[in-house]
1. Please report, ordered by residue number, the strands (runs of 3 or more DSSP E) entirely within segment 35-127 with at least 1 residues that are more than 24 Å from the chain's Cα centre (by Cα) and buried (at least 19 other Cβ atoms within 10 Å of the Cβ).
2. If I176 satisfies all but one of (1) buried (at least 19 other Cβ atoms within 10 Å of the Cβ); (2) not assigned by TED's automatic domain parsing to the domain that holds V229, what's the number of the condition it fails?
3. So for segment 102-120 (the condition being out of contact with any Ser or Thr (no Cβ under 7 Å at 6 or more places or on another chain), farther than 16 Å from I59 by Cα and assigned by TED's automatic domain parsing to the domain that holds K66), does at least one residue qualify?
4. So F144 clears everything in (1) in a helix (DSSP H, G or I); (2) in contact (Cβ under 8 Å) with a residue 12 or more places away in the chain except one condition, right? Which one?
5. Only residues that are part of a helix (DSSP H, G or I), out of contact with any Gly (no Cβ under 9 Å at 6 or more places or on another chain) and surrounded by fewer than 16 Cβ atoms within 10 Å (Cβ to Cβ): list them for segment 232-260, please.
6. Scan (1) of a type outside the set (A, V, I, L, M); (2) surrounded by fewer than 22 Cβ atoms within 10 Å (Cβ to Cβ); (3) in contact with a helix residue (DSSP H, G or I) (Cβ under 6 Å, 6 or more places away or on another chain); (4) touching a residue at least 12 places away in the same chain (Cβ under 8 Å) for the single condition E199 breaks and write down its number.
7. S188: polar (S, T, N, Q), buried (at least 17 other Cβ atoms within 10 Å of the Cβ) and either over 30 Å from T288 (Cα atoms) or modelled with pLDDT under 90 (or both), yes or no?
8. Check whether at least one residue in segment 148-170 is surrounded by 12 or more Cβ atoms within 10 Å (Cβ to Cβ), assigned to a helix (DSSP H, G or I) and in contact with an Asp or Glu (Cβ under 9 Å, 6 or more places away or on another chain), and report yes or no.
Amino acid sequence: MKGIKPVTRKELYHIFRDPKSLIIIFLMPVIMIFLYGYAISFDLNNINIGILDYSGSEISGKFIGKFLHNDYFTRVGLKSGEHQSLGTYEKKLKAGEIDEIIIIPSDFSKKVRSGIPVEVGFVIDGSDSNTANIIYQYNEMVIFDFLEEYQNIRDIFKVNTKIYFNPELKSAYFFIPGLIAVLLLMISALLTSLSISREKESGSIDLIFISPVKSYEIIIGKTIAYVFVAFAVESIILLFSKFWFGIPIKGNLLVLFGFSLIYIFTGLSLGIMISITTPDQKTSMLGTLLVTMLPSIMLSGFIFPLTSLAEPLRLISNIIPATYFLKIIRGVVLKGASVSDFLFNGLILLLMSVILIFLAVRKFSRMRRIAG
């Protein structure tokens, strides 16, 4: 024990002399338990549906009522100037505004009264294979409930379900674009998270402080330098996904790369902010992984639908960059969506970048004043 005791005391001293790393080490499992406890849920509580009731009859109204009077489905109406048509709802499906379209034919009531087989159509967004399967099961549950009440039409009631964007419901088509979004944010942030902290450790930060270059020029310069690296990484990942896993890219690559550029800059801005606020490279790396990887996987819609999250976590998801880029990359890659479908998401990412760069410049300028 004479030899063990001083070694143990020395190691404990080294552990507690770095309280910031210690906080991250203890904080990470607590956050993971909290997130997994509240976020892991495949239940859907807010399935947005568009309804085309060409019949407008009493029985079609009762059928629709079965979908609306529960905790699962929410009807999405049309905006002013939008035409009530299948094409309009298909555009909403492509933009991710709705998850399903229900189509009731004009002769629905007539065929029911005449005992002629009648078909109701369902169009489901299959870009998220897990969600599509759950929606399909919920549809069957509601239809079964309806037919229990109207057993006289059980034999003539038919359902025609179509899956858009991913007809075979391949999970790889859903997860791989999402994985690209998570990896791109993490890599972008890691690239810049070590830049300032590395200067601090080496002591060269003092030379930067006394240089004639302005603070915003230093921060923006360090950020832009890594844009090309992150962009090259994304290109390699996309090529690998396309030719190895066979992921279809239905949309315009220029649209995808345009939004990717904004997203990459957001990640780089986040990394430079972390680098400025942390004392060394180890803390920067741990902080970056904590801020990017875990929230992006758990709270962005990468695995679990945002509608399944508890309300506080859903609010947190609004400040996670991957939440917005996931919609973009899945929309462009799987649905062939255009720029207009994701302008809002792009503007939010751009706003995040500007705010992060502004805060980083202010923090760096304050450090320079203190050092001077």
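1. Those strands (runs of 3 or more DSSP E) span 47-53, 100-104, 118-125.
2. Evaluating I176 over (1) buried (at least 19 other Cβ atoms within 10 Å of the Cβ); (2) not assigned by TED's automatic domain parsing to the domain that holds V229 leaves (2) as the failure.
3. Start the filter on segment 102-120 by keeping residues that are out of contact with any Ser or Thr (no Cβ under 7 Å at 6 or more places or on another chain), which leaves 102-103, 107, 110-120.
After this cut, where a residue has to be farther than 16 Å from I59 by Cα as well, the list is none.
There is no residue in segment 102-120 that is out of contact with any Ser or Thr (no Cβ under 7 Å at 6 or more places or on another chain), farther than 16 Å from I59 by Cα and assigned by TED's automatic domain parsing to the domain that holds K66.
4. (2)
5. Once the filter is applied, which keeps residues that are part of a helix (DSSP H, G or I), out of contact with any Gly (no Cβ under 9 Å at 6 or more places or on another chain) and surrounded by fewer than 16 Cβ atoms within 10 Å (Cβ to Cβ), segment 232-260 yields A232, S235, I236, L239, F240, K242, F243, L253, L254, F257.
6. Checking E199 against (1) of a type outside the set (A, V, I, L, M); (2) surrounded by fewer than 22 Cβ atoms within 10 Å (Cβ to Cβ); (3) in contact with a helix residue (DSSP H, G or I) (Cβ under 6 Å, 6 or more places away or on another chain); (4) touching a residue at least 12 places away in the same chain (Cβ under 8 Å), the one that fails is (4).
7. no
8. There is no residue in segment 148-170 that is surrounded by 12 or more Cβ atoms within 10 Å (Cβ to Cβ), assigned to a helix (DSSP H, G or I) and in contact with an Asp or Glu (Cβ under 9 Å, 6 or more places away or on another chain).
The values are calculated or read from the model by the stated rules, or taken from the named source; none is laboratory data. Only a predicted model underlies this, so the values are computations on that prediction, with no experimental measurement involved. So basically every Cβ, Gly included, is an ideal-geometry build from the backbone, and we count neighbours across all protein chains shown.
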